[in-house]
Structures are given as C-alpha cells and as structure tokens.
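The values are calculated or read from the model by the stated rules, or taken from the named source; none is laboratory data. Everything quoted here is computed from the prediction, not taken from an experiment. So basically every Cβ, Gly included, is an ideal-geometry build from the backbone, and we count neighbours across all protein chains shown.
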Amino acid sequence: MKSDKTKDIIVRCVAGVLLITLLWNRISLAVIQGNWVRIIPNTFCGMDSLVLALAVLFGRKNNNVLHFVVYLAFVGGSLTILYPTFIEDYDTFFHTVTLSGMLHHALSFYLSILVQVVCWFIPTYKKWANLIIGFMAYITLGTFLIFVLDVNTAFYISHPILSGTPLTVWVLAPIFAVGYALYMLGLELIRRNWKSRKKESDSFKIIMQTIKKSA
C-alpha cells in the first residue's frame with residue numbers, strides 16, 4: 001500500500017512539473033509574439049503535454065484519457081528530442097521558448113514511460129477506440145483554431161510538420177496507427193510468454209511440494 005502511494009506521489013509530481021514547463025512555454029510564446037491565442041497549444045506535442053499532465057494530476061490510475069495520450073506523448077516527445085525543429089528559431093538554447101519547449105517535450109516523454117514502468121498505466125489493445133476519440137478531439141480543436149482564431153498551422157491539418165514534405169496529420173496518422181498496432185502486438189506476445197513461463201513455474205512448484213509431502 002505504501003509502495004503504491006509513493007508511486008502515485010512520484011508520478012503526480014512529475015506531471016506537476018510537466019504542467020509548469022508547458023505553461024512557461026506557452027506564456028513565453030504568447031508574450032514574445034504579442035498574441036495571447038498562442039497560450040492554447042496548437043501542436044500535438046503541446047496538447048499532449050497538457051492533456052497528459054492534467055490526466056495524471058486529476059485523473060485516476062489507468063484512466064481512459066491515458067489510453068491515447070501516453071502513446072502520442074511518447075512518440076512526439078522522443079521525435080522532438082531527436083530532432084528539435086524549433087531549436088534554431090532563437091539565438092541560444094537557453095532562450096525561454098527553446099528551453100521550456102525542450103523541457104516539456106522531455107518530461108512528457110519521460111512521464112509516458114514512467115507511468116508504464118510503475119504500472120500507473122497499463123497498455124491494452126482493448127482500449128484502441130480511445131485513440132480515435134482523442135484524435136477527433138484534437139482535430140476538432142485544430143479546426144476551431146484554423147477557422148476561428150486564424151492559427152493556420154494548427155495540428156498539421158493543412159500544413160506539414162516539416163516544410164516541403166507531405167507530412168500533414170493525414171499522413172502521420174496512418175503511420176502512427178501502424179506503430180501502435182506493432183507495439184500492442186509485441187506487448188501481447190511478451191505478456192503471453194511471461195504468463196506461460198509463470199504457469200510452468202507454478203506447476204513445477206506444485207509438483208515439488210507434492211513430492212516432498214509424499215516423502
């Protein structure tokens with residue numbers, strides 16, 4: 001019980017720091033660009049950080065929101081760490097936008113792994129529909145940002161993630177779906193193998209106990 005409580009505290013603390021770094025990033029962007037609309041995350045990574053932080057801070061263990069945002073945060077965070085496209089926008093890495101951006105991406109990536117390692121979130125293919133619901137929610141918000149608030153690059157709906165490439169959300173989504181399917185398949189094979197070995201181990205223990213009692 002104490003161990004579970006400790007894990008809960010650690011996970012929520014990381015989520016709290018993630019939320020702080022995201023707010024730092026969005027406020028910095030809004031102030032520098034003189035446009036308070038920029039407080040609203042308009043990318044998958046920004047929204048992932050917000051949703052993941054709130055889902056952990058205010059949601060229950062293994063809640064439904066986690067069954068789509070954890071995967072998105074893992075992919076978005078890892079790709080940004082490997083290839084931070086925004087790092088050259090300012091003169092120094094320690095610029096408030098660059099530093100806060102790297103921190104919230106790194107923390108969302110770390111938190112997406114942490115919740116799985118400590119079993120605060122348990123992946124399962126049975127919750128695949130949550131990905132569709134989450135994706136549609138993002139696209140709905142993106143459509144609002146584009147047509148109402150004039151944020152044309154929102155969620156890569158009409159603009160690619162990398163200029164000069166076809167990588168809009170309509171291309172990225174199928175690629176992500178394949179990756180998700182492969183991850184779930186690999187996870188399911190590992191689980192079945194572990195259960196099989198555990199069953200064999202338990203059977204062996206029962207046999208040995210029976211032999212000892214007979215002797």
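Mind listing whichever residues of the range 1-16 are loosely packed, with under 15 Cβ neighbours inside 10 Å, of a type outside the set (D, E, K, R) and in a helix (DSSP H, G or I)?
Answer for the range 1-16, where residues must be loosely packed, with under 15 Cβ neighbours inside 10 Å, of a type outside the set (D, E, K, R) and in a helix (DSSP H, G or I): Ser3, Thr6, Ile9, Ile10, Cys13, Gly16.
Restricting attention to the range 133-165, and to residues there that are in a helix (DSSP H, G or I) and without any contact (Cβ under 8 Å) to a residue 12 or more places away in the chain, which single residue is nearest to Lys61 (Cα to Cα)?
Within the range 133-165, the match that is nearest to Lys61 (Cα to Cα) is Ala137.
So, in the range 103-160, exactly how many residues are within 17 Å of Arg26 (Cα to Cα) and either buried (at least 20 other Cβ atoms within 10 Å of the Cβ) or hydrophobic (A, V, I, L, M, F, W, C) (or both)?
13
For Val169, are the conditions met, namely being under 18 Å from the mean Cα position of the chain (by Cα), within 25 Å of Thr21 (Cβ to Cβ) and surrounded by fewer than 15 Cβ atoms within 10 Å (Cβ to Cβ)?
Here the answer is no, as Val169 does not meet what is asked.
Would you confirm whether or not the range 112-121 contains a residue that is aromatic (Phe, Trp, Tyr), outside any helix (DSSP H, G or I), touching a residue at least 24 places away in the same chain (Cβ under 8 Å) and within 22 Å of Gly186 (Cβ to Cβ)?
Within the range 112-121, one or more residues are aromatic (Phe, Trp, Tyr), outside any helix (DSSP H, G or I), touching a residue at least 24 places away in the same chain (Cβ under 8 Å) and within 22 Å of Gly186 (Cβ to Cβ).
So, Asn62, is that one more than 21 Å from Val117 (Cβ to Cβ) and either in a helix (DSSP H, G or I) or modelled with pLDDT of 90 or more (or both) or not?
no
Would you confirm, using the coordinates I've provided, whether Tyr83 is among the hydroxyl-bearing types (Ser, Thr, Tyr), under 16 Å from the mean Cα position of the chain (by Cα) and closer than 19 Å to Phe176 by Cα?
no
How many residues does the range 57-80 hold that are of a type in the set (Phe, Trp, Tyr) and over 14 Å from the mean Cα position of the chain (by Cα)?
So the answer is 1.
Considering only residues that are part of a helix (DSSP H, G or I) and touching a Leu at 6+ places or on another chain (Cβ under 6 Å), look in the range 23-42 and name the one that is surrounded by the fewest Cβ atoms within 10 Å (Cβ to Cβ).
By that ranking, first place goes to Val37.
Going by the structure shown, is Tyr90 over 18 Å from Tyr156 (Cα atoms), in contact with a helix residue (DSSP H, G or I) (Cβ under 8 Å, 6 or more places away or on another chain) and in a loop (DSSP other than H, G, I, E, B)?
In short, yes.
Identify the residue in the range 65-87 that is in a loop (DSSP other than H, G, I, E, B) and of a type outside the set (Ser, Thr, Tyr) and, among all such residues, is nearest to Trp128 (Cα to Cα).
Val65
Might you check whether a residue that is free of Cβ contacts under 8 Å to residues at least 24 places away in the same chain, of a type outside the set (A, V, I, L, M) and not in a helix (DSSP H, G or I) occurs anywhere in the range 43-58?
No: zero hits.
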